[in-house]
Amino acid sequence: MEAVFPGLDPAAYARHPLHAMTRDWPETNCYLDIWIEVLAAYGVPPEACLGFAVTQDFEGDQFTFFKVPLEDLEALYGIRVTELAIYDRVERHVEEQIRRGRLTLVEMDSYFLPDTQGTSYRSEHGKTTVAINRLDVEGRTMDYFHNLGLHRLEGEDFDGIFHRDAPEGALPFLPYTEFVKFPEDGVPARERIGETAAGLLARHLSRRPKANPIAAFARVFPEQVEKVADRPFGFFHLYAFNTLRQLGANYELFSAHLDWMTAEGVADLSGSADAARVISATAKTVQFQLARAVMRKKFDKLAPALQPAADAWDTIMDTLDTRLGKAASKAA
């Protein structure tokens with residue numbers, strides 16, 4: 001049974017420190033969590049690709065679902081990601097790409113993913129993305145990157161995840177799938193990665209929101225929560241995930257990027273990193289306050305609770321403008 005990273009075993013796998021349980025947000029979102037682990041498995045620093053986080057905006061009903069731009073992966077690491085056309089059984093396409101040393105990223109149903117035990121595994125259906133490292137169709141096993149690390153599924157879960165037990169005449173399983181082509185000349189030099197990351201951060205800074213997105217969120221937050229309080233309680237989790245969790249996790253990752261840039265000697269961005277951690281911690285605290293507000297039907301303290309995060313956003317941008325030479329005034 002072939003694998004893209006043959007030395008990795010889910011039973012002995014050590015997750016990357018960006019997924020440490022001591023962090024404010026050990027899990028971020030399914031797509032970026034995959035890339036953190038895949039890049040570490042490949043032997044490059046995932047912290048280098050997180051400069052895009054500075055572009056996160058408040059979109060009116062949610063904060064931007066942050067995803068690493070594919071062009072950044074190619075610029076930093078030489079990794080190319082392309083959509084994979086599905087015209088045969090998904091397993092056959094995955095097997096072919098693994099034979100070529102390529103990962104496939106496949107949208108699948110979390111109902112059949114054992115690592116979601118306690119949330120959606122065998123309890124509710126949901127769309128998520130996994131990266132398949134190893135596949136044994138005959139043995140009905142699969143090793144896959146998802147959420148906090150590398151996992152294995154087998155047997156009935158294998159049949160379910162690939163729709164192998166679908167009734168005759170059922171619609172074909174045609175998920176959105178990407179494949180990852182690693183560069184033939186290997187891992188780039190760390191110094192080159194740092195230089196590229198600095199250029200990408202300056203570019204992303206020039207594309208940041210024109211107005212403070214946290215302040216914009218604070219203005220509508222109490223009204224939104226008042227409406228959430230009238231919905232079934234399960235809706236609360238969806239709202240919190242797409243607002244406070246996306247905000248907090250995004251800026252905790254951004255703090256890791258700025259720390260990495262400082263440690264690599266690219267630029268001293270420690271002040272901005274500290275401010276990014278303030279946003280992360282504030283979002284986590286306010287998420288607890290949000291739950292209490294929904295239960296008590298009292299919403300007046302929610303907007304003021306976000307003020308430290310809004311102030312920290314201004315500090316980050318002012319500091320980065322100074323450190324990176326007023327990059328925000330330049331065209332993207």
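The values are calculated or read from the model by the stated rules, or taken from the named source; none is laboratory data. It should be emphasised that the depicted structure is a prediction, and the values quoted were computed from it without experimental measurement. Ideal geometry is used to build each Cβ from the backbone, glycine not excepted, and the neighbour counts take in all protein chains shown.
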field: Hits in region 200-246 - residues which are under 21 Å from R296 (Cα atoms) and polar (S, T, N, Q)
entry: Q224, T243
query: Any residue in region 2-25 that is loosely packed, with under 15 Cβ neighbours inside 10 Å, of a type outside the set (K, R) and within 16 Å of F179 (Cβ to Cβ)?
result: yes
- prompt: Got at least one residue in region 186-209 being over 30 Å from E264 (Cβ atoms), modelled with pLDDT of 95 or more and of a type in the set (A, V, I, L, M, F, W, C)?
  reply: no
- request: Would you mind stating whether L50 is surrounded by 15 or more Cβ atoms within 10 Å (Cβ to Cβ) and either at pLDDT below 95 or over 20 Å from the mean Cα position of the chain (by Cα) (or both)?
  value: no
message: Suppose we filter R89, R99 for residues that are touching a residue at least 24 places away in the same chain (Cβ under 8 Å) and farther than 15 Å from L174 by Cα; which single one remains?
response: R99
Selected residue [at pLDDT below 95, of a type in the set (D, E, K, R) and farther than 18 Å from H19 by Cβ] from R164, R102: R164
query: Out of (1) closer than 17 Å to P6 by Cα; (2) without any contact (Cβ under 8 Å) to a residue 24 or more places away in the chain, what's the single condition that is false for G126?
result: (1)
- request: Output the number of the condition that A249 fails; it satisfies all remaining conditions of (1) more than 25 Å from A48 (Cβ to Cβ); (2) crowded, with 21+ Cβ neighbours inside 10 Å.
  value: (1)
Entirely in region 244-332, the helices (runs of 4 or more DSSP H) that have 2 or more residues that are over 22 Å from D61 (Cβ atoms), in contact (Cβ under 8 Å) with a residue 12 or more places away in the chain and not hydrophobic (A, V, I, L, M, F, W, C): 246-263, 270-296, 307-323
field: Residue within region 189-203 that is part of a loop (DSSP other than H, G, I, E, B) and within 19 Å of L76 (Cα to Cα) present
entry: yes
